[in-house]
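Asker: What follows is a structure written as structure tokens; I'll ask about it next.
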Amino acid sequence: MEKTRCELENKISKNIYIAMLKRLESRKAESLTMIQLYMEKSVGITDHSDILNEIEKWLSILSDSEGKIECLEKNFNSYSE
């Protein structure tokens, strides 16, 4: 049985949604890991002078990722089904 064009487009849309969600979740996980590393293991980091800037950079990435995940789920959740 051949899939209709609409079914194929829906499957592609779902795959794009899932890929985007995974990309954003990966960035979020990386950000959390880096912040945790800086907060808990800062003694092992060679350049102590830039720790605050690095944490702020990763907080921005974390905040951005969380916001995009929320936006994606709020506006495009129908593609997840």
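Asker: Sorting check: for 9-15, 22-28, which peptide has the highest mean count of neighbouring beta carbons within 10 Å, and how do the rest follow?
Answerer: The most tightly packed comes first, giving 22-28, 9-15.
Asker: Which pairs, out of LYS3/LYS68; LYS41/LYS68; LYS14/LYS68; LYS14/LYS57, put more than 21 Å between their alpha-carbon atoms?
Answerer: From LYS3/LYS68; LYS41/LYS68; LYS14/LYS68; LYS14/LYS57, over 21 Å: LYS3/LYS68; LYS41/LYS68; LYS14/LYS57.
Asker: So how tilted is helix 51-76 from the main axis of the chain? Cα-based, degrees 0 to 90, rounded to 10.
Answerer: Helix 51-76 sits at roughly 20 degrees to that axis.
Asker: If the cut-off is a Cα-Cα distance under 19 Å, which aspartates and glutamates reach LYS11, setting aside same-chain residues fewer than 8 apart in sequence?
Answerer: GLU2, GLU73, GLU81
Asker: If I stretch the segment between ILE16 and GLU66 completely, what's the gain in nm (0.36 nm per residue apart, minus their alpha carbon distance), one decimal?
Answerer: The ILE16-GLU66 span can extend by a further 16.2 nm.
Asker: Quick one: length gained pulling GLU54 to GLU81 fully straight, 0.36 nm per residue minus the C-alpha distance?
Answerer: 5.9 nm
Asker: Rounded to the nearest 10 degrees, what's the angle between the helix 5-40 long axis and the longest principal axis of the chain, both from Cα atoms, 0 to 90?
Answerer: The two axes meet at around 10 degrees.
Quick note: the coordinates plus some simple rules give every number you see, no bench work behind them. Owing to the predicted nature of the structure, the values given are computational and were not obtained by experimental measurement. Glycine gets a Cβ as well: all are built from the backbone with ideal geometry, and neighbour counts include every protein chain shown.
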